[in-house]
Amino acid sequence: MFIINSPIEEILKFNHSIYLLKVYSPELASIIKPGQFLNIRVAERVFPLLRRPFSVCDVEGDHLFLMFNILGEGTSILAHKPIGSDLDILGPLGNGFNLDGDYETAVIVAGGLGAAPFPFVTRALNGKKNILSFIGGRTKDDVITYNLINVEKASDDGSLGFKGNVVQLLEKNLGQLKSQKIKIFACGPTAMLRALKDFCIKHNIDCQVSTECAMACGFGICQGCPIESTTESDKYLLVCKDGPVFNIKDVVI
């Protein structure tokens, strides 16, 4: 784990609220794993104590890519940082996706900004496993397919692809999925993850899920990000230290 000042090289705007930040950080790029996250101090004067957690969208050479949407003052400040200015980054943090295993096809399932960590997952698995991506959103503007492959799309309002949510799209393609040995990697809104958990239990499918919550320290000291466990050994786990990636059957969504 490092605290590093890394310069911003580019800020791209996807739509009215979603941004992609390109950061030069060879130290972090060489060691971070898909599904891990960074805690970033977005501004010294406005937020002197609390950092903000961001999943790593992708890694290319010495560069990290961070995808986020504007939800408040902190992310607004980040979106309008000057090119060349430094980010104060703490990381890498947490446990990422376990990409190993006896499966033929990785099935990526994401809703909205839950697609953010999966370009990095795709890069790590491409050429090693088959990859199918099921990506959903409320409208066509919420369906994010940046650097994903073999994409099937769903929108709640039917403005893009399948009309319905992404778990319903999975059900529609169940025959194709059950014909091969699969492992699901997922991230998205709570309602989506609850439906996905039911789907995976019903069809006995292995699934790893990246969870989200407010995190202050990022490494387990403040105890501020508990998630209820379904295992007998621990009643609660910490998203920042024990996650953010869990087997979907092991936590209460």
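The values are calculated or read from the model by the stated rules, or taken from the named source; none is laboratory data. Predicted model, so just to flag it, every value in this text is computed and none were measured. Here the Cβ is made from the backbone with ideal geometry for all residues, glycine too, and neighbour counts use every protein chain on show. Surface accessibility is based on the protein's heavy atoms, side chains included, excluding ligands, DNA and RNA. Shrake-Rupley method; radii C 1.70, N 1.55, O 1.52, S 1.80 Å.
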In segment 100-116, what residues are open to solvent by 30 Å² or more (accessible area, probe 1.4 Å) and of a type in the set (A, V, I, L, M)? 113
Filter segment 53-67 for residues that are of a type in the set (D, E, K, R) and either at positive phi or open to solvent by 30 Å² or more (accessible area, probe 1.4 Å) (or both) and give the result. 60, 62
All-but-one check, residue 223 against (1) open to solvent by less than 20 Å² (accessible area, probe 1.4 Å); (2) within 23 Å of residue 36 (Cα to Cα); (3) out of contact with any Asp or Glu (no Cβ under 9 Å at 6 or more places or on another chain), failing number (1)
So is residue 70 within 23 Å of residue 244 (Cβ to Cβ), of a type in the set (Val, Ile, Thr) and open to solvent by 70 Å² or more (accessible area, probe 1.4 Å) or not? no
Among the residues of segment 117-147 satisfying the criterion of being open to solvent by 70 Å² or more (accessible area, probe 1.4 Å) and of a type in the set (Lys, Arg), which is nearest to residue 35 (Cα to Cα)? 123
If a residue must be in contact with a strand residue (DSSP E or B) (Cβ under 7 Å, 6 or more places away or on another chain) and in a helix (DSSP H, G or I), how many such residues does segment 116-147 contain? 8
